[in-house]
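Here is the structure we will look at.
The values are calculated or read from the model by the stated rules, or taken from the named source; none is laboratory data. Note that the structure is a prediction, hence the values are computed from the model and not measured. All Cβ positions, even for glycine, are placed from backbone atoms using ideal geometry, and neighbour counts span all protein chains on display. Each accessible area value is taken on the protein alone, full model and side chains, heavy atoms only, with ligands, DNA and RNA left out. Shrake-Rupley method; radii C 1.70, N 1.55, O 1.52, S 1.80 Å.
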Amino acid sequence: MSTELVLMKGPGGVLMPCDEEARGIIASWPMGQGVRAHVKRARNVRFHRKFFAMLNLAFDAWEPAAQEYHGMPARKNLDRFRKDMLVMAGFYTATVNMQGEIRLEPVSMSFANMDEDRFNGVYNRVADVVLDKVLSNYTREDLERVVEQLLGFL
């Protein structure tokens, strides 16, 4: 059986699970269970959280114009916002739908699909879009400071 886990280096060089899923899988193994591992350096989990803290900050600040669709109010949506930020930053693939229309689909942000260097580029370009489109009264330093403060509360 093959299972992919994300681990992090802890005190004394011990590898520890990064999330509840990995914790549960490891807990299910009997004491002394040997495992074979293919090691691939994962992205920095804190940096991943920082990216989403930046997106949450921008989403909370964003106030779209009131609109309706078939008499129902259209509401802002965090997942749609995240996808739009990635597309505006240039991280997408172009697809065609059944009506022949081109749609831009954002790249996957999963740990398995993106290494640390590429993620760093995504973070920086999305930060540029956030500053240009949503938080235009912020400097890059303001944005970094506020996001770091938010991370302190997570």
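Couple of notes before you dig in:
- Scaling against 2.2 N^0.38 Å puts the C-alpha radius of gyration of the range 91-154 at 1.45.
- With a cut-off of 12 Å between beta carbons, the residues surrounding Cys18 carry a summed charge of +1, where Lys and Arg count +1 and Asp and Glu -1.
- Note on the chain: GNM, Cα springs under 10 Å; of Pro106, Pro17, Pro64, the largest mean-square fluctuation is that of Pro64.
- Pairs of Lys residues in the chain are counted when their Cα atoms are under 26 angstrom apart and they lie 8 or more places apart or on different chains; the count is 8.
- Contact order normalised by residue count of the range 1-137, Cα under 8 Å, 6+ apart, percent: 20
- The range 31-154 - accessible surface per residue (Å², probe 1.4 Å): 71
- Kyte-Doolittle mean at least -1.0, axial Cα span of 18 Å or more - DSSP H helices of the chain: 45-61, 116-133, 140-153
- Dipole magnitude of the range 57-154, debye to nearest 20 (Cβ charges: Lys/Arg +1, Asp/Glu -1, about Cα centre): 280
- Using a probe of 1.4 Å, the accessible surface attributed to Val122 totals some 0 Å² when neighbouring protein chains are kept in position.
- Projecting the Cα atoms of Phe52, Asn97, Ser110 onto the charge dipole of the chain (Cβ charges, centred on the Cα centre) puts Ser110 farthest toward the positive pole.
- Longest stretch of the chain clear of exposed loop sites (GluC sites (Glu not before Pro), DSSP loop, at most 14 other Cβ atoms within 10 Å, sites excluded): 5-100.
- Accessible surface of the chain [probe 1.4 Å, protein heavy atoms]: carbon and sulfur percent: 53
- Averaging 1/r over every pair of different alpha carbons in the chain and inverting the result gives a Kirkwood radius of 18.5 Å.
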